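What follows is calculated from the coordinates using simple rules that are stated; it is not laboratory data. Note that the structure is predicted; figures quoted are calculated from it, not measured. Methodologically, a virtual Cβ is constructed for each residue, glycine included, from the backbone with ideal geometry; neighbour enumeration extends over all protein chains shown.
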């Protein structure tokens, strides 16, 4: 079950997922604390389902036609002839094999990876509830906390899966003092996010008009 909530000033939402006993035994649902959320991946599944339906439907119709004493469809006869006569080193055979291999590898990758890279797992308030926070929402929280530090004029925060990159512009006070305050404030802010894997901080402070 997923319940959306909003963070002020952001277009992102935390994620809450309540697990059922059936989900606890399935490696693709829920999972131990700290593991990423699994994506439903409806689009790839839908594409595969439609493709299989079209191919299976075509073959089924053709087999039924042959069983009814009708000639096989032209595409089936042509396909059989091509498979029998075309050499394995033919360019179209190699291209087709390459495309099939790439699609197969892509589907396998989707099957064994969780996806939802933008959702950071949070500590569990209850054993049967998993919570996640969008990376953009985490970045917004850190940016707002950084703006509270004296001397900070502007801040840009980019939150990754394991690290938050903070780039601040300081228009007064010493850069080292501002950096030390940012480190203390943001370390506390990261702890307050309640993530199972707290983000490491990379803090850069510069004067206005300087690149860094």
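Laid out as a table, the results:
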item: Enumeration of residues in segment 109-132 that are closer than 23 Å to residue 43 by Cα and outside any helix (DSSP H, G or I); result: 113, 114, 115, 116, 117, 118, 119, 120, 132
item: The listed residue being free of Cβ contacts under 8 Å to residues at least 24 places away in the same chain and at negative phi, out of 157, 129; result: 157
item: Any hit, segment 68-77, residues being in a helix (DSSP H, G or I), surrounded by 12 or more Cβ atoms within 10 Å (Cβ to Cβ) and in contact (Cβ under 8 Å) with a residue 60 or more places away in the chain; result: no
item: Residue within segment 155-171 that is under 23 Å from residue 35 (Cβ atoms) and assigned to a helix (DSSP H, G or I) present; result: no
item: Count - residues of segment 190-208 that are more than 15 Å from residue 120 (Cα to Cα) and surrounded by 12 or more Cβ atoms within 10 Å (Cβ to Cβ); result: 7
item: Checklist (1) surrounded by 11 or more Cβ atoms within 10 Å (Cβ to Cβ); (2) outside any helix (DSSP H, G or I) applied to residue 106, failing item; result: (2)
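Residues are listed down the side, and each one gets a yes or a no for (1) under 40 Å from the mean Cα position of the chain (by Cα); (2) not in a helix (DSSP H, G or I):
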{"position": "48", "(1), (2)": "yes, no"}
{"position": "51", "(1), (2)": "yes, no"}
{"position": "79", "(1), (2)": "yes, no"}
{"position": "82", "(1), (2)": "no, no"}
{"position": "89", "(1), (2)": "yes, yes"}
{"position": "95", "(1), (2)": "yes, no"}
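Matching residues to (1) touching a helix residue (DSSP H, G or I) at 6+ places or on another chain (Cβ under 6 Å); (2) part of a helix (DSSP H, G or I):
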site	(1), (2)
173	no, no
176	no, yes
179	no, yes
184	no, yes
188	no, yes
191	no, yes
197	no, no
203	yes, no
209	no, no
